[in-house]
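Notes follow the structure.
The values are calculated or read from the model by the stated rules, or taken from the named source; none is laboratory data. Predicted, not measured: the structure shown is a model, and the values here were computed from it. Cβ placement follows ideal geometry from the backbone for every residue including glycine, while neighbour counts extend to all protein chains displayed.
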Amino acid sequence: MNMRDFTTDHDWLSINTATIRRQQGHEVPLTRIIDQCAAHGVRAISPWRDQVAAAGLGAVARQLRALGMGLSGYCRGGFFPAVDPAGLQAALDDNRRAIDEAKALDAPCLVLVTGSLPGALNGAPAHKSLERVRAQVHDGIAASLEYARQVGMPLAIEPLHPMQAADRACINTLEQALDLCDALDPQRSGALGVALDVYHVWWDPKLRQQIARAGAERLLACHVCDWLTPTRDLLSDRGMMGDGVVELRKIRSWVEDAGFRGFSEVEIFSQSDWWQRSGDEVLATCIARHRTCV
């Protein structure tokens, strides 16, 4: 399959709103981010739930419709593990709300960051059993998938780099994510798939094989940025495309060979660099690098 030509326009560029949620060191409202993206001819975004909540779900939906903009995904559901039944139920309830929000915004999928050891994000893990939390993730996705099917909202499991296995996601390879998909959606119905973020999976020696395994039915979202050397902060020092070591065009060729024809969603957390710049500068750079590097 021939790769799409991104060199002459940015029709298939989406901006994850984390990329410009901080501008010149300051938090920026989602409504302003949407207007900035529209001014740069960006056709799609992927907003975060806290930003949507601050702006108002209805107001965001109306603004997007008025500007003719769509979504490439919605961030995020997940974080299923808990220490007791009440915590597990609270996670399911929150994921149901996330599904409803994604539906209201006409998102193509709800991205799931699965979660891991309860309490680890705060430096106090309740236990050390990855086996236990992976079982809870399986059960949590199974329960959420039932409701997601009813309302027609595909769920996209996002495997995170192993450096975040303890606190943010116990699903760390594309193979693990696809094993969950096959277990819970063996008919490959399109209701359950993956969000492929190159920052988290570029290093995987099985990446090409697993992308082919996923196919168009499972590849629901594709996130791009770059891996810097050295990386100064493992969470918030992602690189702009072309500034690091990821073979972005090669990975896109694998993804498109597998049948993906969606947006390339730029998702950059950059406390010391891009979040210190103006939104217009970041967006202009995203557009230029999308043409030359992705």
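Some observations on this one:
- Number of positions in the range 185-224 that are part of a helix (DSSP H, G or I) and either of a type in the set (Gly, Ala, Ser) or farther than 23 Å from Thr17 by Cα (or both): 12
- Within the range 254-292, tally of residues that are outside any helix (DSSP H, G or I) and over 23 Å from Leu220 (Cβ atoms): 6
- Pairs, first within 7 Å of Met241 (Cβ to Cβ) in the range 283-294, second in a helix (DSSP H, G or I) and at pLDDT 95 or above, C-beta under 8 Å, six or more apart: Cys293/Leu248; Cys293/Arg249; Val294/Leu248; Val294/Arg249; Val294/Arg252
- Among the residues of the range 225-235, those identified as closer than 20 Å to Ser264 by Cα and part of a loop (DSSP other than H, G, I, E, B) are Cys225, Trp227, Leu228.
- Hits in the range 137-167 - residues which are out of contact with any strand residue (DSSP E or B) (no Cβ under 6 Å at 6 or more places or on another chain), in a loop (DSSP other than H, G, I, E, B) and of a type outside the set (A, V, I, L, M, F, W, C): Gly152, Pro159, His161, Asp167
- Condition check for Arg49: within 21 Å of Leu160 (Cα to Cα), touching an Asp or Glu at 6+ places or on another chain (Cβ under 7 Å) and either of a type in the set (Lys, Arg) or loosely packed, with under 14 Cβ neighbours inside 10 Å (or both): yes
- Count - residues of the range 69-92 that are surrounded by fewer than 24 Cβ atoms within 10 Å (Cβ to Cβ) and in a strand (DSSP E or B): 3
- Just one of the numbered conditions (1) hydroxyl-bearing (Ser, Thr, Tyr); (2) over 16 Å from the mean Cα position of the chain (by Cα); (3) under 18 Å from Asp11 (Cα atoms) is not true of Thr229: (3).
- Residues located in the range 246-282, provided they are farther than 18 Å from Thr229 by Cα, in contact (Cβ under 8 Å) with a residue 12 or more places away in the chain and surrounded by fewer than 16 Cβ atoms within 10 Å (Cβ to Cβ): Arg249, Asp257, Gly259, Arg261, Gln276, Ser278, Asp280
- Just so you know, in the range 93-136 the residues that are charged (D, E, K, R), touching a residue at least 12 places away in the same chain (Cβ under 8 Å) and assigned to a helix (DSSP H, G or I) include one that is farthest from Asp167 (Cα to Cα), and it is Lys103.
- Complete set of residues in the range 150-163 that are in contact with a helix residue (DSSP H, G or I) (Cβ under 8 Å, 6 or more places away or on another chain) and of a type outside the set (D, E, K, R): Val151, Gly152, Met153, Pro154, Leu155, Ile157, Pro159, Leu160, His161
Here is a yes/no grid of residues against (1) hydrophobic (A, V, I, L, M, F, W, C); (2) surrounded by 18 or more Cβ atoms within 10 Å (Cβ to Cβ); (3) within 18 Å of Glu217 (Cα to Cα); (4) in contact with a Cys (Cβ under 9 Å, 6 or more places away or on another chain):
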| site | (1), (2), (3), (4) |
| --- | --- |
| Ile157 | yes, yes, yes, yes |
| Ala166 | yes, no, no, no |
| Ala169 | yes, yes, no, no |
| Cys181 | yes, yes, yes, no |
| Ser189 | no, no, yes, no |
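- For the range 214-256, the candidate set comprises residues that are more than 20 Å from Ser72 (Cβ to Cβ) and of a type in the set (Asp, Glu); within that set, the residue that is modelled with the lowest pLDDT is Asp233.
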